[in-house]
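All remarks here apply to the structure that follows.
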Amino acid sequence: MANASRDPILLTPGPLTTALSTKAAMLRDWGSWDSNFNAVTARVRERLLAIVNGQSTHVCVPLQGSCTFAVEAAVNTLVPRDGHLLVLVNGAYGHRLAKLAGLMGRRVSVHEGPEDQAIRSGDVARLLAADASIGHVAVIHCETSTGILNPLAEIAREVARQGRKLIVDAMSSFAAVPIDAHATPFDALVASSGKCIEGPPGVGFVFARRSTLEGCAGHSTSLSLDLYDQWQYMEKTTQWRYTPPTHVVVALAAALEAFEAEGGQQARLARYTRNYEVLVRGMAELGFRVFLAPSIQAPIIVTFHAPADARYSFRDFYDRVRDKGFILYPGKLTKVETFRVGCIGAIGPDEMRHAVNAVRDTLAEMGIRDAQPRERASKAA
Ligand SMILES: *Cc1c(COP(=O)(O)O)cnc(C)c1O
């Protein structure tokens, strides 16, 4: 996976390093009314929908903006104004979803579990059985704040069994972790252009169950985030309701071509898994310790404990690794000091090996001989 530019490799979970063919697709201008552009949109929607096997049950509704815009649109369109949403939280993106639902005026209940443990479907069963007013459940598939993978299939079956509707934030898992709309019932699953599909950021999309979305007219309290209107307008006119990010859409089409040429979701997962293994093995040799148990860790982004050594500061560490060509990601946990490294993007095991080497050289420059984190260092003492 040659990086044809001198740009640093982004080890961040979006924006991420894209293929040259994806970047090159952005070198043309397109009219948003033009039928050629609208044909691109239609093909992108079809191909995205096929990745979750949703052609016979769901529709793909794209929306301008970062990932959060699409999550907000899904919640605001699916949950009626007087609806009651249960949000399953084990990290920052779960908290964000609960917050936006509350701001949209929905009644929200939060079930919060520890950040280092997956949501348990048994808890979902109990909470739904105890409160018939909950009509919708929302869950984050891969909670990117840690990298934890929640058991989506189990949760989806439980929500369906109790006759409620499910909204899934699958931003950082879609196109890498398998998701099948037939095996895993969901009413809306939200993803975006700038993560595992390896396009540029700027377009979100919602896979909505057609029969559910048909009943959602008038739910939205926002004009621009009304997914129902966006869908209806696109069905009627083939156009986007408001100005589309044309360059992002055509780059997403190029990214989809690369995705299919690579072998689709399975091949992508296999490559990310190799990236993850090279990273974790190399970092462990330097003394770094991962935050999550391997059994619940997705091969998407890895949270590492910060070294205990007093010479460590994330800012200095980050700057020095960046000067060697790799962009790391700060931690997002409140109680322990961590940082994160993404395994996704148009990169392979070679880039991960080089990244580990850059970290090794950085530690040497900072005079840190062992990257062991605090707890283990103090236990050993
Ligand atoms: C990236 C991401 C988002 C949205 O992030 P934006 O900053 O709006 O792009 C939402 N949920 C998850 C799980 C994510 O990984």
For region 20-261, with only Lys/Arg (+1) and Asp/Glu (-1) charged at the beta-carbon, what is the dipole magnitude about the Cα centre, in debye rounded to 20? 300
Please work out how much accessible surface Y329 shows to a 1.4 Å probe, ignoring ligands, DNA and RNA, in Å² rounded to 10. 50
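Which whole-number percent gives the relative contact order of the chain, counting Cα pairs below 8 Å spaced six or more residues apart? Show your work: numbers first, answer last.
Working: 764 pairs, mean separation 89.6, N = 381.
Reported relative contact order: 24 percent.
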GNM result for the chain, Cα springs below 10 Å: residue of A346, A308, A261 fluctuating most strongly: A261
Could you compute how much accessible surface S35 exposes when probed at 1.4 Å, giving the result in Å² to the nearest 10? 80
Spatial separation of Cα centroids for region 88-131 and region 160-202, in angstrom: 17
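Show me the helices of the chain, taken as full DSSP H stretches, that run 18 Å or more along their long axis by Cα and average 0.5 or above in Kyte-Doolittle hydropathy.
Passing helices, by number: 246-262.
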Solvent-accessible area of S295 with every protein chain in place, 1.4 Å probe, in Å² to the nearest 10: 110
How big is the dipole moment of region 208-264 about its Cα centre under a simple scheme where the beta carbon of each Lys and Arg is +1, that of each Asp and Glu is -1, and everything else is neutral? Debye, nearest 20, please. 220
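In whole percent, what relative contact order does region 281-381 give with Cα contacts below 8 Å and a gap of six or more residues?
38 percent.
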In square nanometres, what is the average projected area of the Cα convex hull of region 186-337? 13.3
What is the list of residues in region 95-124 whose amide nitrogen lies under 16 Å from a point 7 angstrom out from the Cα of S133, following Cα to Cβ? 102, 105-111
Which value at 222 nm does the chain reach when only helices count, each DSSP H run of 4 or more adding -39,500 (n - 2.57), with the total divided by all residues and rounded to the nearest 500 deg cm²/dmol? -12500 deg cm²/dmol
Given L128, P151, I197, which one lies farthest toward the positive end of the charge dipole of region 106-204, if we put +1 on the Cβ of every Lys and Arg and -1 on the Cβ of every Asp and Glu? L128
With a 1.4 Å probe and all protein chains left in place, how much accessible area per residue does region 260-381 have, in Å²? 47
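The values are calculated or read from the model by the stated rules, or taken from the named source; none is laboratory data. In this text, all values refer to a predicted model and were calculated from it rather than measured experimentally. Here Cβ is always computed from backbone atoms with ideal geometry, including for glycine, and neighbour counts include all displayed protein chains. The protein model used for the area step is the full one, side chains on, heavy atoms only, and it has no ligands, DNA or RNA in it. Shrake-Rupley method; radii C 1.70, N 1.55, O 1.52, S 1.80 Å.
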